[in-house]
Amino acid sequence: MRRWLRSHPNTEVEQGVVRVVMIAIILLYLSLMSHNVSTEVWVVQSGILLFSVHLLFGLGVMISFLFRPQRSTLRITLGIIADISSFSIAMITTGEIGAPWWAGCLWITFGNGFRYGERYLYFSTALSVVGFSAALVLNEFWQNNIPIGIGLLVAMTVLPGYIAVLIKRLRAEQKRAEEASQAKSAFLARMSHEIRTPLNGIIGTGDLLKTCKLNREEREYADIIYASGQTLLKLIEDILDISKIEA
């Protein structure tokens, strides 16, 4: 599995893995809550049924990566709708034990924003706000805790705006880093040509001088020119190689 993930460096795949793991943790939580005598059995069972269906959807999405590993807007959109719909329905039906689902909606919203961009951040936010608003109206637990619910609703609306600012800054920094890397690569390519060409000419000239009829002193000069040129060429190649690695 780890090898397959490495061969598919896709943010969709990462989101798919997170989805499956998160649902598995939720099902474990609901299973533990089923032993709580104060919790109505049908409430827990409805939550387990809902997230079991959600888990099957998540596994289906993972399988779809085998047939279409490229990024798919439709798959991303359906994933967001399924994720937030499941959490919203759970907040409506599971009441008190479903209070943590609010954080799940926020986590999904942030994750989609960082992975796919601002458009999906706003889309997830809109769905989350609608779903949580429905829970405030339809669920008895949230009706009895309206002030808290309204505060959470405001946070659910405002926090993604702050995340959007962070995403913009992150994208801008990434763009600047890419531009700097491209400029460095272009500089290295130009310097590699402009330095090596005349230096190779000097080395070649020194090599030719060694084949000429020279006295002892002149041959020593030719050897020095040739050896110095070779040494300088090696140093330049080492510097350029290190710079390429850093780039």
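The values are calculated or read from the model by the stated rules, or taken from the named source; none is laboratory data. Everything quoted here is computed from the prediction, not taken from an experiment. Glycine gets a Cβ as well: all are built from the backbone with ideal geometry, and neighbour counts include every protein chain shown.
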Index of the failed condition, C212 passing every other in (1) within 19 Å of the chain's Cα centre (by Cα); (2) loosely packed, with under 11 Cβ neighbours inside 10 Å
(1)
Could you list all residues from the stretch 172-214 that are touching a residue at least 12 places away in the same chain (Cβ under 8 Å) and charged (D, E, K, R)?
K184, R196, D207, K210
Only listed residue being in the same structural domain as Y120 (by TED's automatic domain parsing) and loosely packed, with under 13 Cβ neighbours inside 10 Å, chosen from L28, L50, L59, L55
L28
Can you confirm whether the stretch 221-228 contains a residue that is free of Cβ contacts under 8 Å to residues at least 40 places away in the same chain, surrounded by fewer than 12 Cβ atoms within 10 Å (Cβ to Cβ) and on the phi < 0 side of the Ramachandran plot?
yes
So S86 fits all but one of (1) farther than 26 Å from V13 by Cβ; (2) buried (at least 20 other Cβ atoms within 10 Å of the Cβ); (3) of a type in the set (S, T, Y); what number is the exception?
(1)
Condition broken by K168, with the remaining ones in (1) modelled with pLDDT of 90 or more; (2) not assigned by TED's automatic domain parsing to the domain that holds I81 satisfied
(1)
Which one of Q70, Q45 is out of contact with any Asp or Glu (no Cβ under 8 Å at 6 or more places or on another chain) and outside any helix (DSSP H, G or I)?
Q70
Listed by first then second residue, the pairs whose first member lies in the stretch 23-41 and is under 25 Å from F57 (Cβ atoms), whose partner is modelled with pLDDT under 80 and basic (K, R), with beta carbons under 6 Å and at least 6 positions apart or on separate chains, are none
Could you pull out the residue among I150, I92, I163, I167 that is within 25 Å of I48 (Cα to Cα) and part of a helix (DSSP H, G or I)?
I92
From the list L152, L121, L138, L127, which residue is outside the structural domain of S88 (by TED's automatic domain parsing) and surrounded by 12 or more Cβ atoms within 10 Å (Cβ to Cβ)?
L152
